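Data first, discussion second: the structure below is written as structure tokens.
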Amino acid sequence: MKNIFSKQKQPDTPATENLIQDIQDRLQEGSLGPKMVLIPSGQFRMGDVQGTGFENEQPLHEVAVASFLIGRYSITFAEYDQFADATAREKPNDEGWGRDNRPVINVTWEDAMTYTEWLSQQTGQQYRLPTEAEWEYAARAGTETDYWWGNEIGTNRTNCRASASQFSGKQTAPVGSFVPNPFGLYDTVGNVWEWTGSGYEPTYSGKEQCCLSKEDTGQKVFRGGSWDSKPKAARVSFRFDWRFQPNLVGFRVVRI
């Protein structure tokens with residue numbers, strides 16, 4: 001796999017993932033927030049590097065990204081339920097698959113945005129959804145292949161259709177069930193789609209590097225594929241807009 005960062009050291013491999021330090025902010029009542037990982041600044045080629053994707057993955061273009069923190073995992077039911085209890089919100093349906101350390105599902109983009117606002121208020125830090133560019137940069141982790149490990153989905157590396165895991169095509173897996181990428185991030189391929197903070201456009205023209213306001217009513221982008229996705233839809237460059245089946249979509253947070 002080719003390292004594509006400008007003047008950055010080669011990222012840690014999954015074998016040394018335990019050396020990548022978690023950063024957790026404390027909430028007002030004393031518990032800890034989501035585990036966050038520091039992503040170094042750098043440049044990468046965004047879009048259909050392999051030339052096997054779709055028109056909306058074009059044009060292939062270079063993007064510079066400033067350093068940021070991103071969740072090691074998708075937000076779990078345990079984390080979201082804590083927020084729901086604190087704000088007297090209805091808890092989302094888990095489809096009978098279990099809560100706790102499974103990724104939260106059946107949440108809208110507005111739900112995800114409200115969670116980041118609450119987390120910001122609780123910690124005194126600035127949390128938000130990742131831009132589409134930040135999401136792809138973190139998911140690629142210095143690679144240019146369809147998945148961070150290569151161009152084939154392989155066996156039991158992730159949770160999507162044809163990936164031969166016990167969850168594939170059936171339901172979500174607990175977060176962290178598979179090997180992390182070189183940045184130490186879990187489930188950037190499959191399990192649940194993840195909301196980004198960016199607006200959808202048919203081809204790239206700059207929105208992928210911006211965050212929408214909560215009041216924006218346009219189409220939103222989610223990334224990464226889900227337990228029900230075909231492997232082609234779980235590629236790192238694959239993009240999808242707001243039309244979705246609710247039990248396929250969760251989210252991951254960024255702190256800047």
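The values are calculated or read from the model by the stated rules, or taken from the named source; none is laboratory data. Here the structure is a predicted model, which is why all the values come from computation and not from measurement. Heads up, the Cβs are rebuilt from the backbone with ideal geometry, glycines too, and the neighbour counts pull from every protein chain shown.
How many residues does segment 94-142 contain that are farther than 18 Å from K207 by Cβ, in contact with a strand residue (DSSP E or B) (Cβ under 8 Å, 6 or more places away or on another chain) and β-branched (V, I, T)?
Qualifying residue count, segment 94-142: 5.
Taking into account only those residues within segment 169-197 that are modelled with pLDDT of 95 or more and of a type in the set (G, A, S), which is nearest to V253 (Cα to Cα)?
Ranking the qualifying residues of segment 169-197, first place goes to G197.
I need the full set of residues from segment 166-185 which are within 20 Å of D94 (Cα to Cα) and not β-branched (V, I, T), in order please.
Listed by number, the residues that qualify are Q166, F167, S168, G169, K170, Q171, A173, P174, G176, S177.
Please find, among E95, E136, E144, the residue that is charged (D, E, K, R), part of a loop (DSSP other than H, G, I, E, B), at pLDDT 95 or above and under 21 Å from V221 (Cβ atoms).
Within the list E95, E136, E144, the selection yields E144.
It is to be established whether one or more residues within segment 214-235 are at pLDDT 95 or above, over 25 Å from I23 (Cα atoms), part of a strand (DSSP E or B) and more than 13 Å from the chain's Cα centre (by Cα).
The answer is no; no qualifying residue exists.
For segment 173-191, name all the residues that are over 24 Å from P246 (Cβ atoms) and touching a Phe, Trp or Tyr at 6+ places or on another chain (Cβ under 7 Å).
P180, N181, P182
Quick one: what pairs do we get from segment 103-128, first residue aliphatic (A, V, I, L, M) and outside any helix (DSSP H, G or I), second buried (at least 18 other Cβ atoms within 10 Å of the Cβ) and at pLDDT below 95, C-beta under 6 Å, 6+ apart or different chains?
I105/N247
Between T87, T52, which is under 23 Å from P231 (Cα atoms), exposed (fewer than 15 other Cβ atoms within 10 Å of the Cβ) and among the polar types (S, T, N, Q)?
That would be T52, the only listed residue that is under 23 Å from P231 (Cα atoms), exposed (fewer than 15 other Cβ atoms within 10 Å of the Cβ) and among the polar types (S, T, N, Q).
Within segment 75-102, take every residue that is in contact (Cβ under 8 Å) with a residue 24 or more places away in the chain and of a type in the set (A, V, I, L, M, F, W, C) and give me the one that is nearest to I256 (Cα to Cα).
The qualifying residue nearest to I256 (Cα to Cα) is I75.
Consider segment 27-44. How many of its residues are under 18 Å from the mean Cα position of the chain (by Cα) and in a strand (DSSP E or B)?
Count: 5.
State all residues of segment 153-167 that are farther than 27 Å from Q21 by Cβ and either charged (D, E, K, R) or touching a Lys or Arg at 6+ places or on another chain (Cβ under 6 Å) (or both); if no residue qualifies, say none.
Of everything in segment 153-167, just one residue is farther than 27 Å from Q21 by Cβ and either charged (D, E, K, R) or touching a Lys or Arg at 6+ places or on another chain (Cβ under 6 Å) (or both), namely R161.
Can we say E110 is within 24 Å of G199 (Cα to Cα), surrounded by fewer than 18 Cβ atoms within 10 Å (Cβ to Cβ) and of a type in the set (D, E)?
When the stated conditions are applied, E110 passes them.
How about segment 55-81: which of its residues are surrounded by 19 or more Cβ atoms within 10 Å (Cβ to Cβ) and under 18 Å from T114 (Cα atoms)?
I70, G71, S74, I75, T76, F77, E79, Y80
Consider T196 against the criteria (1) under 21 Å from R45 (Cβ atoms); (2) among the hydroxyl-bearing types (S, T, Y); (3) part of a loop (DSSP other than H, G, I, E, B): it satisfies all of them except one. Which criterion is unmet?
Condition (3) is where T196 drops out.
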